[in-house]
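Each remark here refers to the structure printed beneath this line.
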């Protein structure tokens, strides 16, 4: 009987514990003597559902050089003769509508990125030669391809693009694009239509397609910038497939092999195709694909009798990946908007607010509710009823500052400060400046605030104050662009102030605070005002703003990226400023329609965990 060392030429390591798991450990086998198990680190290959396209369609094109967190899908058809101009942008979680194509069509070729894409040819009652370029917001018509065609594949970028194949003879045609003009390139060795294209203009890949015998091709060819070379074929011939990646690291999925619509996925390493153990959850053809390499890509749209809006992400990685997501929590006993918040996801606090739409003064509230991670219970009432109040600290040591009350009963409420001890509120010293729906960061005994004077509509202020547990002191620190209704996240000596009004350009701005002064930080991806936040200066999340109410953004100390959308669109929520960026809380708020909300959502951040697999025999 052969031993492992005789087969592999090396002995299995005998270890008391697992080694450090990283890319250098991949493929290794060892025996964990403590657990009594034979283990290995292998790649995990899996598909997972993501946000659906707004418009279900098939035969569209993707900007294939986009990434798994920045994609573009455009054109297509919603039915056999119902052609679409839709273009949708993908942020790694959800799709949003982009600028519409000038010409509705399907079976078109696409290449480029989310902010610099090309749509070429296609079909709309007849083959088309029109070409359009996308700049991230709108399409403009540019130089046509030399002859009308459909069913081509695309690869490359806006200034160095490639289309090849197609339904009209000669189907071996290749065209190169320099951002202005089209020129002929080397011909495919096997002419075909409805094939997949990946890579760049000087390092392209053509896979699959249909024509002749057999009707569905497994042929693969590589392009070097001047000519195509036939290389190893796919394992399953198919057409109308999706694909993404590079010439040496790509994946294809779906399509039709003639007998049936496929779920299978294959990976190409620059030499050979291998069948992935992961498959698409939904069998479909005429689907789109984009992604930077075989480790991380997206398949979207398509049809199989039904026209789909499904999106599936494909990951091939040593890490087990869990995407960030919002989930429903317990509902508030009292629906309110423009609420103050404090605490964490499992020990939260919501106080004040308005129980009528728009924050009407006669219906401002003193209600306080405490959250235990699953349900809300009543706490001690605020001393002053108000809305637009903001807070920080924890559930048993919270701070409430500012807000607007009924002027006839509490004309100075915009400066009121109260402290919470876990059961009741106690009045403390007023702020020096009026405070409404703006940011407070820190703790009950060491807080910092940013405020716009006057309350709603409120001129943009440039006031910073610090609280020591007894009194507020105005400090000279100012931000470069005066604004209000932003969010302040972090501590008194390390905070970040995000967004604000007026929305342009203030809604995109962020500034860091070091306890003495502000410095400009990278701009946010989306406008932000009147939203919630949690985390630290270098690991923050903001969510539920009035300018894009279902969107969340995260900051890692270097850059902002979009995150998972909330299920319920609203702004002016009670948040959890003492929580981490991977465990935030949003409660209540003001939906677009004229009513108030009692909904709660909990955020769980995405994770990537390397886990060794236990090897078994049977």
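With the condition kept exactly as written, say whether any residue in the stretch 259-273 is crowded, with 23+ Cβ neighbours inside 10 Å, over 26 Å from the mean Cα position of the chain (by Cα), more than 21 Å from residue 315 (Cβ to Cβ) and at pLDDT 95 or above.
no
Can you tell me which of (1) at pLDDT 95 or above; (2) buried (at least 22 other Cβ atoms within 10 Å of the Cβ) is the one residue 436 doesn't meet?
(1)
Answer yes or no: is there a residue in the stretch 363-373 that is farther than 23 Å from residue 535 by Cα and surrounded by fewer than 18 Cβ atoms within 10 Å (Cβ to Cβ).
Yes, because at least one residue in the stretch 363-373 is farther than 23 Å from residue 535 by Cα and surrounded by fewer than 18 Cβ atoms within 10 Å (Cβ to Cβ).
Given the condition modelled with pLDDT of 95 or more and touching a strand residue (DSSP E or B) at 6+ places or on another chain (Cβ under 9 Å), answer yes or no: does some residue in the stretch 313-323 qualify?
There is at least one residue in the stretch 313-323 that is modelled with pLDDT of 95 or more and touching a strand residue (DSSP E or B) at 6+ places or on another chain (Cβ under 9 Å).
Being surrounded by 22 or more Cβ atoms within 10 Å (Cβ to Cβ) and within 14 Å of residue 605 (Cα to Cα) is the filter here; which residues of the stretch 526-557 pass it?
Residues satisfying the conditions are 533, 534, 535, 540, 541, 542, 543, 552, 553, 554, 555.
May I ask you to verify whether residue 309 is at pLDDT below 95 and either part of a loop (DSSP other than H, G, I, E, B) or under 19 Å from the mean Cα position of the chain (by Cα) (or both)?
No, not satisfied.
Could you name every one of the strands (runs of 3 or more DSSP E) located completely within the stretch 45-100 that has at least 3 residues being crowded, with 20+ Cβ neighbours inside 10 Å?
71-74, 87-90
Of everything in the stretch 529-544, what is within 17 Å of residue 389 (Cα to Cα) and part of a loop (DSSP other than H, G, I, E, B)? Give them in sequence order.
The answer is 529, 530, 531, 544.
Considering only the stretch 125-138, state which residues are free of Cβ contacts under 8 Å to residues at least 60 places away in the same chain and either crowded, with 17+ Cβ neighbours inside 10 Å or over 25 Å from residue 223 (Cα atoms) (or both).
Correct list: 125, 126, 127, 128, 130, 131, 132, 133, 135, 136, 137, 138.
Mind telling me which of the residues 388, 340, 353, 330 ends up being under 26 Å from the mean Cα position of the chain (by Cα) and in contact (Cβ under 8 Å) with a residue 60 or more places away in the chain?
Exactly one residue qualifies, and that residue is 330.
The values are calculated or read from the model by the stated rules, or taken from the named source; none is laboratory data. Quantities reported herein were computed from a predicted structural model and do not represent experimental measurements. When we count neighbours, we look across all protein chains shown, and the Cβ atoms used for this are built from the backbone with ideal geometry, even at glycine.
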